[in-house]
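Okay, so here's the structure we're looking at.
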Amino acid sequence: MLRRQLFTMFTVLGLSAVTKAAEKKKCPVCEEDLYTKGSLIYCNNEECIPKVKMKVKRWIKTVGINGWDDILVNRLVEEKVIKDIADLYSLDKAVLKSKGKIREKTARKLIRKLQLKKEVSFEDFFYGLGMRDVTRNSIKIVFESGVDTAEKLMKASYNDLLKLNGVSVIEAKALYDGSENYVELIDELLNFHGIKIRSNTGMLDGKSFCFASIMNNKKETLEKLVTNNGGVLENSIKDGISYIVLSDGDMETKFKNKEALGTKRISEDEFLDLIGI
């Protein structure tokens with residue numbers, strides 16, 4: 001019995017397919033060459049369907065895009081509507097409805113949820129790309145060292161990364177190789193689709209928020225937007241709070257007395273405008 005196993009994405013194919021693939025050194029899905037690393041065997045083809053599924057799901061989970069379940073992602077990748085992470089941001093409502101086999105209203109909501117996550121942390125961005133052997137911890141160390149933009153990471157040499165305390169030889173090489181191998185995808189995400197890597201200084205620094213109504217978007221999503229942009233979350237209405245975020249219906253009646261104390265009442269759309277969404 002072959003002791004080595006194919007990478008996780010092939011486990012659904014069954015032992016027979018896995019064994020034959022390993023013996024032929026060909027991927028059982030796309031027939032491209034396999035290569036060995038330790039006790040694992042990987043497919044070289046970046047467009048291999050299971051590999052694309054895995055990377056897209058990793059990005060969605062890491063960045064925190066709500067509503068995009070595995071079934072929908074699988075369907076869109078199998079239909080070849082999505083061939084890499086960037087294709088998520090090229091989807092329009094009609095294609096998503098047709099190829100994803102979902103209702104128009106659902107398609108509209110899902111596209112909106114993508115737009116809500118166009119500003120991400122340095123750590124989430126580079127971990128979410130799925131670079132092999134790149135860990136969250138290594139990305140965090142790089143960021144804290146002052147290499148805190150995509151441009152700086154692209155310019156960093158292997159030796160620059162290796163010098164960082166806490167980054168291993170494997171991680172330094174993975175970051176260096178990954179930043180080179182993923183340069184087209186990174187450029188497309190940042191410069192074509194408008195994904196922004198958040199800087200140390202947030203747009204909401206020094207401002208506090210309380211969501212006091214039922215919102216259109218998930219409360220957890222909105223709250224993360226506050227903290228990701230340097231703002232402070234409050235669980236209750238307190239004197240001195242900067243903003244109370246209300247539904248359109250509640251804007252007519254709720255907490256008007258707080259405006260005299262310097263607190264602003266804003267709608268959900270006005271909150272999103274504050275951070276450019």
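Give the residues of the stretch 231-246 that are surrounded by fewer than 17 Cβ atoms within 10 Å (Cβ to Cβ) and either closer than 23 Å to Met203 by Cβ or among the acidic types (Asp, Glu) (or both), sorted by residue number. Outline the logic, then answer.
If we filter the stretch 231-246 for residues that are surrounded by fewer than 17 Cβ atoms within 10 Å (Cβ to Cβ), which is where we start, we get 232-233, 235-240.
Matches in the stretch 231-246: Val232, Leu233, Asn235, Ile237, Lys238, Asp239, Gly240.
Take the residues of the stretch 94-122 that are within 10 Å of the chain's Cα centre (by Cα) and not small (Gly, Ala, Ser): which is modelled with the highest pLDDT?
From the stretch 94-122, those within 10 Å of the chain's Cα centre (by Cα) are 114, 117-121; that's our starting set.
After this cut, where a residue has to be not small (Gly, Ala, Ser) as well, the list is 114, 117-120.
On the way: Leu114: 91, Lys117: 83, Lys118: 88, Glu119: 84, Val120: 86.
Checking each candidate, the answer is Leu114.
I'd like to verify a number: residues in the stretch 129-168 that are surrounded by fewer than 19 Cβ atoms within 10 Å (Cβ to Cβ), in contact (Cβ under 8 Å) with a residue 40 or more places away in the chain and not in a loop (DSSP other than H, G, I, E, B), how many?
Final tally of qualifying residues: 0.
Return only the number of the condition from (1) at pLDDT 70 or above; (2) within 19 Å of Ala174 (Cα to Cα); (3) among the aromatic types (Phe, Trp, Tyr) that Phe7 does not satisfy.
(1)
Any residue in the stretch 52-62 that is surrounded by 14 or more Cβ atoms within 10 Å (Cβ to Cβ) and touching a strand residue (DSSP E or B) at 6+ places or on another chain (Cβ under 8 Å)? Reasoning before the result, please.
We begin by selecting, within the stretch 52-62, every residue surrounded by 14 or more Cβ atoms within 10 Å (Cβ to Cβ); these are 52-60, 62.
Now drop any that are not touching a strand residue (DSSP E or B) at 6+ places or on another chain (Cβ under 8 Å), which leaves none.
Among the residues of the stretch 52-62, not one is surrounded by 14 or more Cβ atoms within 10 Å (Cβ to Cβ) and touching a strand residue (DSSP E or B) at 6+ places or on another chain (Cβ under 8 Å), which makes the answer no.
For residues in the stretch 169-205 being exposed (fewer than 14 other Cβ atoms within 10 Å of the Cβ) and in a loop (DSSP other than H, G, I, E, B), which is farthest from the chain's Cα centre (by Cα)?
Checked the stretch 169-205; the qualifying residue farthest from the chain's Cα centre (by Cα) is Asp205.
Tell me, which residue of the stretch 221-251 that is within 19 Å of the chain's Cα centre (by Cα) and free of Cβ contacts under 8 Å to residues at least 24 places away in the same chain is farthest from Ser267 (Cα to Cα)?
Residues of the stretch 221-251 within 19 Å of the chain's Cα centre (by Cα): 221-230.
Right, trim to free of Cβ contacts under 8 Å to residues at least 24 places away in the same chain and you get 223, 226-227.
Working: Glu223: 14, Val226: 14, Thr227: 18 Å.
The selected residue is Thr227.
I'd like to check which helices (runs of 4 or more DSSP H) are fully inside the stretch 27-128 and have at least 1 residues that are free of Cβ contacts under 8 Å to residues at least 40 places away in the same chain and either over 23 Å from Asp187 (Cα atoms) or touching a Leu at 6+ places or on another chain (Cβ under 6 Å) (or both). Before the answer, list the steps.
Numbers: elements: 49-63, 70-78, 93-100, 104-116, 122-128.
Passing ranges, in order: 70-78, 93-100, 104-116.
The values are calculated or read from the model by the stated rules, or taken from the named source; none is laboratory data. Bear in mind that the values here come from a model prediction, so they are computed numbers and not experimental data. Methodologically, a virtual Cβ is constructed for each residue, glycine included, from the backbone with ideal geometry; neighbour enumeration extends over all protein chains shown.
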